[in-house]
Amino acid sequence: MNSYDLNGQVAVVTGGAQGIGFAIAKRLASSGAKVSLWDLNPDALKAAVEALGSSASTQEVNITDLPALKAAHAATEAALGPVSILVNSAGVAGTNATLEDYDPDEWRRIVEINLNGAFYVNKVVIPSMKAHNYGRIVNISSVAGKEGNPNLSAYSAAKAGVIGMTKSLGKELAKFDIAVNAITPATAKTRILDTLTKEFIDYMLVRIPRGRFLEVEEAANMVAWLVSRENSFTTASVFDLSGGRTTY
């Protein structure tokens, strides 16, 4: 495993109590970063911080609650120091349904969490990063944001929005040495599979040339470089993690 020096860095990982977010938090902590896990699930947060040890702390927060996010950010910086790394991993897949049958309230919920939540979190961390003239942000999108998945239109639309937001924000912050990039994973072996039908899982798997789902550690490996000082040039870009399903 490659080693990146993140000593002295403070990282926020939303959705960091489980799945891809936890794998990323573990990798960043092992590289020397102080990590704050922002998540809604108190039990998962407790288990995660016990697993990560003294380098980790938690904030129980809803990423759709902007005032709560501001409070979580202030508390994190008071306890750990200026936040220099953000990994926005929190998200939900939502209902499997055709767009014609999609419940409008469910549509709004999925977009609010996956797209607006990413907007709120980015908005909260930017002023401090700009003040310190340094930062690294990774927004986790999805292969669905590139291709669209049938019967998952709200999620696909929201994740496409994350890509567009990342490209805009990366250009806005480039002169402050703040790199903003996105990754587009295919389905990973996480609890999100529990929310999907077997037919839909089979649909996704057959389209991955690697013939398997993403391992969460593979996502963490890519993110570790993106948030390091070694990523000194690349910003407003999208990095594929689809096992060959999408390469554009």
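For this structure, a couple of remarks:
- For the range 73-85, the criterion of being out of contact with any Lys or Arg (no Cβ under 9 Å at 6 or more places or on another chain) and modelled with pLDDT under 95 is satisfied by no residue at all.
- Leading residue by the ranking (surrounded by the fewest Cβ atoms within 10 Å (Cβ to Cβ)) among those in the range 209-225 that are in contact with a strand residue (DSSP E or B) (Cβ under 9 Å, 6 or more places away or on another chain) and within 11 Å of ALA188 (Cβ to Cβ): GLU215
- Some residue of the range 137-146 being of a type in the set (Ser, Thr, Tyr) and out of contact with any strand residue (DSSP E or B) (no Cβ under 7 Å at 6 or more places or on another chain): no
- Among the residues of the range 212-248, those identified as among the polar types (S, T, N, Q) and part of a loop (DSSP other than H, G, I, E, B) are SER228, ASN231, SER232, THR234, THR235, SER237, SER242, THR246, THR247.
- Given (1) touching a strand residue (DSSP E or B) at 6+ places or on another chain (Cβ under 6 Å); (2) closer than 17 Å to VAL12 by Cβ; (3) exposed (fewer than 15 other Cβ atoms within 10 Å of the Cβ), number of the condition PRO42 does not satisfy: (2)
- Residue within the range 70-88 that is farther than 16 Å from THR14 by Cβ, basic (Lys, Arg) and surrounded by fewer than 22 Cβ atoms within 10 Å (Cβ to Cβ) present: no
- Scanning the range 96-109 for residues that are crowded, with 18+ Cβ neighbours inside 10 Å and either modelled with pLDDT under 95 or in a helix (DSSP H, G or I) (or both) yields one hit, TRP107.
- Verdict on VAL83 being closer than 23 Å to ALA186 by Cβ and of a type in the set (Val, Ile, Thr): no
- Within the range 142-167, considering residues that are in contact (Cβ under 8 Å) with a residue 24 or more places away in the chain and outside any helix (DSSP H, G or I), the one farthest from ARG109 (Cα to Cα): VAL143
- In the range 126-141, the residues that are over 13 Å from VAL180 (Cβ atoms) reach residues that are among the hydrophobic types (A, V, I, L, M, F, W, C) and surrounded by fewer than 17 Cβ atoms within 10 Å (Cβ to Cβ) with C-beta atoms within less than 8 angstrom, at least six apart or across chains, in these pairs: ASN133/PHE176.
- Filter result for the condition that a residue is in contact with a helix residue (DSSP H, G or I) (Cβ under 8 Å, 6 or more places away or on another chain), in contact (Cβ under 8 Å) with a residue 60 or more places away in the chain and farther than 28 Å from ASN151 by Cβ, over ALA224, ALA219, ALA179: ALA224
The values are calculated or read from the model by the stated rules, or taken from the named source; none is laboratory data. On a predicted model such as this, the values are computed, not experimentally measured, just so you know. Note that we place each Cβ from the backbone using ideal geometry, even for glycine, and neighbour counts take in every protein chain shown.
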